[in-house]
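Novice: Sharing a structure with you now.
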Amino acid sequence: MEERYYLNSVNLKTESNFPYLIMDATSKSSNPKPPGFHVMHWHEDFQLIYVISGNIYLKTLSHTHSIHKREAIFINKNVVHQLQGSHDCHYKSILFPEYLVEFYPGGPARKYVSALADNDQLTTHIFSDRSTWHHTVLGLLENLIDLENAPSSIYEYEVLVYLSRLWLEMIKNMELPVEDEKTEVAARMQKFLRCIEQHYSEDLSLDELAKSANVCKSECLRCFRLTMQTTPYKYLMEYRLQRAASLLQDTSLTVGDIAEKVGFHQMSHFGKCFKEKTGYPPKEYRKQK
């Protein structure tokens, strides 16, 4: 079954008392392997990627970037993206929630974090060795990687210090992007996709989906057509069927329970749509997989 829906790739350490995750990745593997490896996905956390060798290619809903050896990229929270690497690529990917650089809840640092985090136009930022402050950020990322390779007895505290220094460089030096149509459409699409992920099991109407990004129905249709060459309804059905396929493979729920769980009210309609998509009735798909 073709993976066309975009998923929320959850930080594997999100339930821990220190939800800072650093992954070691190549073009073929990642340790640990996150749910969104090699497919379009987003994170609720910030992501920083440092390229050790080769090149990586980052595709968002509006742009494609190439990041080279000893360069890095910042990916803002909730930005839909996909990573592909050259055959010889090796990179480190760091995930962390915004509250790790806010110091404490309700504190004055919050406004400096949200200035970047809540800006819909700021999706990514590439760091190269061409400016002094970029050089500083790259050095801090290298510090974090070295620390991961040889953790000290005060590992968590050192990580927090480096992350705070890195964020300080960003808020002091980063110019917020000028609004253009591509980034505006991408920002709206992120809200639409998030809404579908949260409400796909419900009777989600086009009007409700459009309201999630404070736009009219025709603008919602236009955004889907521009970025995904499909309609919101077709994407919603695709998402539901993908979720059903996952539940058939990974759970022992009955087919009827799965149909209801993913938003189908009639078993006959679910069975027909599922077979059209996969070539198998739901029960047969479960046996095959």
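Novice: Which residue out of Glu98, Glu71 is of a type in the set (Asp, Glu), open to solvent by 20 Å² or more (accessible area, probe 1.4 Å) and either without any contact (Cβ under 8 Å) to a residue 24 or more places away in the chain or out of contact with any helix residue (DSSP H, G or I) (no Cβ under 7 Å at 6 or more places or on another chain) (or both)?
Specialist: Within the list Glu98, Glu71, the selection yields Glu71.
Novice: Then there is this: Looking at Ser62, Ser114, which is the one that is over 19 Å from Phe192 (Cα atoms) and open to solvent by less than 40 Å² (accessible area, probe 1.4 Å)?
Specialist: Checking each option against the conditions leaves just Ser114.
Novice: Which residues, counting only those in region 12-29, are modelled with pLDDT under 90 and buried (at least 16 other Cβ atoms within 10 Å of the Cβ)?
Specialist: Lys13, Ser27
Novice: Scan region 70-129 for residues that are aliphatic (A, V, I, L, M), at pLDDT 95 or above and in contact with a Leu (Cβ under 7 Å, 6 or more places away or on another chain) and report the count.
Specialist: 6
Novice: Of all the residues that make up region 200-231, how many are of a type in the set (Gly, Ala, Ser), closer than 13 Å to Gln190 by Cα and not in a helix (DSSP H, G or I)?
Specialist: Total satisfying the criteria: 2.
Novice: Testing Leu209 on (1) in contact (Cβ under 8 Å) with a residue 40 or more places away in the chain; (2) open to solvent by less than 10 Å² (accessible area, probe 1.4 Å), one condition comes back false. Which one is that?
Specialist: So Leu209 meets the others, but not (1).
Novice: Follow-up question, since we're still on this one. Only one of these is within 26 Å of Val39 (Cα to Cα), touching an Asp or Glu at 6+ places or on another chain (Cβ under 9 Å) and of a type in the set (Gly, Ala, Ser): Ala245, Ala213, Ala259. Name it. Explain how you work it out, then say what you get.
Specialist: Numbers: Ala245 fails: touching an Asp or Glu at 6+ places or on another chain (Cβ under 9 Å); Ala259 fails: touching an Asp or Glu at 6+ places or on another chain (Cβ under 9 Å).
None of the others qualify; the one that does is Ala213.
The values are calculated or read from the model by the stated rules, or taken from the named source; none is laboratory data. Every value quoted in this text rests on a predicted model; they were computed, and no experiment measured them. Positions of Cβ are backbone-derived with ideal geometry, glycine not excepted, and every protein chain shown enters the neighbour counts. For accessibility, only protein heavy atoms count, side chains too; no ligands or nucleic acids. Shrake-Rupley method; radii C 1.70, N 1.55, O 1.52, S 1.80 Å.
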